[in-house]
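J.: Got a structure for you, questions after.
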Amino acid sequence: MIRIGNFSKLSQISIRMLRHYDDIGLLKPQTVDSSSGYRYYSTDQLAIAHRIVMLRDMGFNLASIAEILRQYHDADALRTLLAVKLEEVKEQEQQARAQITLIETTMNSLRGEDNMQYDVTLKTIPKRHVASLRRVVANYEDEGALWEELMEILGEDIQLSDPSLPLAVYHDESYKESDIDVEIQISVAGEQGTYKNIGDVIFKTVEPIQAASAVYKGSYDQSYAAHGAVAKWVAANCCEYAGPMINILHVSPDTESNPDKWVTEVCCPVKETCCPAEEK
């Protein structure tokens, strides 16, 4: 039998935590001396202690560890559980990376290292013949998979126009964090009727759209500042919003892996100026 002090050294679990594990029933001593109150553990319990440490370091809480120790004695079942945990940790890693990028970008901006100015212009997105795919996606990251699906369906038989003007239209009436109604479009050569619809991909003509737009370079976390610049321009020029927001993807993850080189144009459809801009 091993006294709690030596078991603590061998298991690399503090005495305080061993006592806590005893209290909650996670790892109880093999025996407790009735007169002295000393806790004694068996050598077999070292394997259990090591598994607890391993699961704790993987990010499982104590309640989950207790459940795993009770139910997952089969290696295949435990492997399946760990695969689920792995995906969860990978998702957390992606979120952490995005948070790091946002923090670094903001810090640079506060230090004056990022002096990008957003020149907002009133432009007309020309009449286009497009291949369109519209879906409700779980989140904004899923838009990339939508582009992959569209390009796979179009294949080499569909001729794109030059420029192809790939863009995304966000049809929701307000911002949503999930279940986003997004339509992606890419311009194709030819007139209306040149191509027949292919499954969910619709070929259609889109009339000219007048929009206030601002271009920014870099990762998508900079879109907040670009949207803010466009909103200020719309207010200053007494314009009215006239349709869903549009992002034109001049340089996107599809063609460039480095986020610093992405180029996106934020477009806000507007009606004709309804009153003259205020004179300064």
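The values are calculated or read from the model by the stated rules, or taken from the named source; none is laboratory data. Predicted model only: the values in this text are computed from it and were never measured. Here the Cβ positions follow ideal geometry from the backbone for every residue, glycine too, while neighbour counts run over all protein chains shown.
J.: If you go through region 198-218 one residue at a time, do you hit one that is closer than 30 Å to Q95 by Cα and among the hydroxyl-bearing types (S, T, Y)? Before you say what the answer is, go through the steps one by one.
T.: Step one: of region 198-218, the residues closer than 30 Å to Q95 by Cα are 213-218.
Among the residues that remain, those that are also among the hydroxyl-bearing types (S, T, Y) are: 213, 216.
Checking region 198-218: at least one residue is closer than 30 Å to Q95 by Cα and among the hydroxyl-bearing types (S, T, Y).
J.: Looking at G199, G218, can you tell me which residue is under 19 Å from K261 (Cα atoms) and either in the same structural domain as A168 (by TED's automatic domain parsing) or of a type in the set (A, V, I, L, M, F, W, C) (or both)? Even if it seems obvious, please write down each step before you answer.
T.: On the way: G199 fails: under 19 Å from K261 (Cα atoms).
Sole residue among the options that is under 19 Å from K261 (Cα atoms) and either in the same structural domain as A168 (by TED's automatic domain parsing) or of a type in the set (A, V, I, L, M, F, W, C) (or both): G218.
J.: Quick check on my filter: what residues within region 254-275 are surrounded by fewer than 16 Cβ atoms within 10 Å (Cβ to Cβ) and in contact (Cβ under 8 Å) with a residue 12 or more places away in the chain?
T.: Residues satisfying the conditions are D254, P259, D260, K261, V263, K271, E272, T273, C274, C275.
J.: Then there's this: If I ask for residues that are among the small types (G, A, S) and either crowded, with 16+ Cβ neighbours inside 10 Å or under 28 Å from K85 (Cα atoms) (or both), which ones from region 1-46 would you list? So that I can check it myself, show each step before the final result.
T.: Here is the first cut: in region 1-46, the ones among the small types (G, A, S) are 5, 8, 11, 14, 25, 34-37, 42.
Answer for region 1-46, where residues must be among the small types (G, A, S) and either crowded, with 16+ Cβ neighbours inside 10 Å or under 28 Å from K85 (Cα atoms) (or both): S8, S11, S14, G25.
J.: For region 47-56, does any single residue satisfy the condition of being over 41 Å from the mean Cα position of the chain (by Cα), within 18 Å of I4 (Cα to Cα) and surrounded by 12 or more Cβ atoms within 10 Å (Cβ to Cβ)?
T.: No, region 47-56 contains no residue that is over 41 Å from the mean Cα position of the chain (by Cα), within 18 Å of I4 (Cα to Cα) and surrounded by 12 or more Cβ atoms within 10 Å (Cβ to Cβ).
J.: Can you tell me which of (1) part of a loop (DSSP other than H, G, I, E, B); (2) at pLDDT below 90 is the one T106 doesn't meet?
T.: (1)
J.: Considering only region 132-139, I want to know if a residue exists there that is under 17 Å from G243 (Cβ atoms) and at pLDDT 95 or above. Show your work before the answer.
T.: Residues of region 132-139 that are under 17 Å from G243 (Cβ atoms), as a first pass: 132, 134.
Retained after the next criterion (residues that are at pLDDT 95 or above): 132, 134.
Scanning region 132-139, I find at least one residue that is under 17 Å from G243 (Cβ atoms) and at pLDDT 95 or above, so the answer is yes.
J.: Might you let me know whether region 165-172 holds any residue that is of a type in the set (A, V, I, L, M) and on the phi > 0 side of the Ramachandran plot?
T.: Here is the first cut: in region 165-172, the ones of a type in the set (A, V, I, L, M) are 165, 167-169.
Subset that is on the phi > 0 side of the Ramachandran plot: 165.
Within region 165-172 (the criterion being of a type in the set (A, V, I, L, M) and on the phi > 0 side of the Ramachandran plot), the answer is yes, since at least one residue qualifies.
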